[in-house]
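Participant: One structure, as structure tokens, below. Some questions next.
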Amino acid sequence: MPAGGIDAPGWTERLAIILNGTAVLRGEEFAYSDLSAGNDALARQTLSAIRLRADLASIVVSPSLLIAEDPQRLAGAVERSVSGLRDAGCDVLLATTFDPRIALPLGPLRERAAEFTASLWSVAREHGAFTLDLWNARGFEHSHLWTDDRACLTAAGHRLVAIHAARALGIGYYQTSDTTHDEADRRVPALAV
């Protein structure tokens, strides 16, 4: 679980907070580890999650990789990771890319992103993974959810992704108030999913 000193937690830290709350209500233990730090390859992160005997791993591939990588080759690497995690008994939350028309400065790569996202859906179905459908998620067209270059999410954007992720995992999460984040973060409707 992240320490209280995190100023602007990303969506995975926010999801961890939601999962921790759910575990507390069930009388269960919860631990969180962020394996995305650094430039580790997906295969290395997968092995780390397996060694940790993770119950849940999220896989999110940066859409900027679609600039240089073949979508099918990239999807194949994701499938190997999902397969390894599932074989080890780990649930997987597989995130699709955002639709570049509304999110990223990669509009010309929309066809490649669509091909990659369709492949991710196939991988999720084949291996029984949960899917965080960012391509079709509502609400992300609002500019306050993105940095000025629309390449990264703001705190409000991360909060909305975490809510979508919780719901993809079957956790009915509703945030009714938020006194710890800036005004832009609070503008995200609590039930906007």
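The values are calculated or read from the model by the stated rules, or taken from the named source; none is laboratory data. A quick note: this is a predicted structure, and the numbers were derived from the prediction, not measured. Please note: Cβ atoms are built from the backbone with ideal geometry, for glycine as well, and neighbour counts cover all protein chains shown.
Participant: State all residues of the stretch 55-73 that are closer than 17 Å to W135 by Cα and part of a helix (DSSP H, G or I); if no residue qualifies, say none.
Facilitator: Of everything in the stretch 55-73, those that are closer than 17 Å to W135 by Cα and part of a helix (DSSP H, G or I) turn out to be P63, S64, L65, L66, P71.
Participant: Among the residues of the stretch 56-75, are any within 16 Å of the chain's Cα centre (by Cα), of a type outside the set (A, V, I, L, M), surrounded by fewer than 17 Cβ atoms within 10 Å (Cβ to Cβ) and at pLDDT below 95?
Facilitator: yes
One line per residue, one yes/no per condition, for (1) modelled with pLDDT of 90 or more; (2) surrounded by 12 or more Cβ atoms within 10 Å (Cβ to Cβ); (3) within 18 Å of A166 (Cβ to Cβ):
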position: G4; (1), (2), (3): no, no, no
position: I50; (1), (2), (3): yes, yes, no
position: R53; (1), (2), (3): yes, no, no
position: A95; (1), (2), (3): yes, yes, yes
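Participant: Looking only at residues that are at pLDDT 90 or above and of a type in the set (S, T, N, Q) in the stretch 103-152, which one is surrounded by the most Cβ atoms within 10 Å (Cβ to Cβ)?
Facilitator: The residue in question is T117.
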